[in-house]
Amino acid sequence: MRIVSGIQPTGNLHLGNYLGAIRNWVKMQDDATATGGECLYFLADLHAISMPHVPAELASNTREMVAALVACGVDPDRSILFNQAQVPQHTELQWLLNGTARMGWLNRMTQWKDKAGKNREGASVALFTYPVLQAADVLLYQATHVPVGEDQKQHLELARDIAQKFNNDFAPKDGNGEEAPVFTLPDPIIPPEAARIMSLRDGTAKMSKSDPSDMARINLTDDADTIMKKIKKAKTDPEPLPSDKAGLAGRPEAANLVGIYAVMTGGTVESVLAEFGEEGFGKFKPALGELLVSKLAPINDRFVELRRDRATLDAFLRQGAEKARALAVPTLNAAYDALGL
Ligand code: ADP
Ligand code: NA
């Protein structure tokens, strides 16, 4: 089992990013390595340039994301952690696959239609060919499994179509006339249903770095006092917690806090309500605050230390890129050969 997954480098990471995305990576890594598999995790910095971006922010967001991933438990010795830009084989393979991908296939991508909107003429060419780079990202490593959320299913299908057409059109025949496929067709793995964490100021809005109120989110950089204060001030209603899940209907702020407690303890909404049902927030909030502090403190310590340590972050990325290149080169060479290049 070889899992390949990418993440956009973003800064200002918060509890939503941790519970909704990063924690799944740690779990996949632990599961894969326990059964002799491996994970390749990359920062999708090449993808970032398909949309308007600020170069200095891209560089610092890439490092910040690496710091967060490692602080949260992605182990650069067990997983291959790297950024695309340091592995030129991604863009080389993309060009080779551009010969196989069809305009019509890319034109049908709903993400292209959504992101380009009405201004197709003004969209970057990179935005259009982005799914071919995504295909290269996974085919380059003979990935067997790729975690995909709902919005990425279509792109993985495209990667499989490209791989199949390439194998079909160009795979060399061995002595017995059997095809030796150049690329493995990766299977999707549906990530465990990710927690969706809502704003602490408005239970109907997603917790997000773009929320102008810092009180609306728990940042991975927040210290214990800040976490306690934010939970204490979190918006709620005056009712005590209900004793069952149905009682949370129409109470988005209460449901969010209970949900956070449940995922942080590995429990369920029901188990949290069995413990705290009929209690007021005066009792529940301090318990939630202390839980968050105890679970996030080790992450926070490591994160704050690492994000200052540029040399270590760069060393992680260099080491990951070296390992990734070593895996990529044989596949890239096979693709060149198959094409007569
Ligand atoms: P933001 O909304 O802060 O801009 P991003 O869009 O950069 O966050 O998201 C990065 C990753 O974190 C994505 O995989 C996204 O699904 C996840 N994520 C972001 N916010 C939340 C949230 N509030 N709850 C769960 N997952 C989230
Ligand atoms: Na966002």
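All of the numbers you see were taken from the coordinates with simple rules; none came from a lab. Given the structure is predicted, the values throughout are model-derived calculations rather than measurements. FYI the Cβ positions are ideal-geometry reconstructions off the backbone, even for glycines, and counts take in every protein chain you see.
Among the GluC sites (Glu not before Pro) in the range 99-189, those placed in a DSSP loop whose Cβ has at most 12 other Cβ atoms within 10 Å are 178.
Pick out, from 116, 70, 9, the residue whose Cα sits farthest towards the positive end of the charge dipole of the chain, with +1 on the Cβ of Lys and Arg and -1 on the Cβ of Asp and Glu. Working it through, the farthest residue towards the positive pole turns out to be 116. Placing dummy labels 7 Å off each Cα toward the beta-carbon, the span from residue 77 to residue 151 is 3.6 nm. Roughly how far apart, in whole Å, are the Cα centres of the range 125-150 and the range 271-329? Answer, in whole Å: 27. For the range 214-306, the residue among 216, 264, 298 whose Cα projects farthest onto the positive side of the dipole built from Cβ charges is 216. What you get for the range 130-280, charging only the Cβ of Lys and Arg (+1) and of Asp and Glu (-1), is a dipole of about 480 debye around the Cα centre.
You can think of it this way: the chain between residue 114 and residue 268 has 51.9 nm of extra reach, that is 0.36 nm per residue less the Cα-Cα gap.
Within the range 264-341, the GluC sites (Glu not before Pro) that combine a DSSP coil assignment with at most 16 other C-beta atoms in a 10 angstrom radius are 278, 279. Can you classify the chain as rounded, prolate or oblate using the Cα gyration tensor, where a ≥ b ≥ c are the square roots of its eigenvalues, rounded means a/c under 1.5, and otherwise it's prolate if a/b beats b/c and oblate if not? Taking the square roots of the gyration eigenvalues as a ≥ b ≥ c, the chain is prolate. Quick one: work out the % antiparallel among DSSP beta bridges in the chain, nearest 5. That works out to approximately 20 percent antiparallel. Look at where the Cα atoms of the range 198-238 and of the range 50-67 average out, and the two centres are 24 Å apart.
In deg cm²/dmol and to the nearest 500, what is the mean residue ellipticity at 222 nm of the chain if only DSSP H runs of at least 4 residues count, each as -39500 (n - 2.57), divided by the residue total?
That calculation yields -16500 deg cm²/dmol at 222 nm.
In terms of other Cβ atoms within 10 Å, 70, 182 run from fewest to most in the order 70, 182.
Between residue 57 and residue 173, the modelled label-to-label distance comes to 5.5 nm, taking each label 7 Å out from Cα in the direction of the beta carbon. Sparse packing (at most 11 other Cβ atoms within 10 Å of the Cβ) combined with a DSSP loop state is found for none of the GluC sites (Glu not before Pro) in the range 40-103. Classify the range 214-306: rounded, prolate or oblate, from the alpha-carbon gyration tensor (a ≥ b ≥ c, eigenvalue square roots; a/c under 1.5 rounded; otherwise prolate if a/b is larger than b/c)? Taking the square roots of the gyration eigenvalues as a ≥ b ≥ c, the range 214-306 is prolate.
Under 5 Å from the amide H of residue 206 lie the amide H atoms of 199, each residue being 5 or more positions distant or on a separate chain, with H modelled from the backbone and absent for Pro and chain starts.
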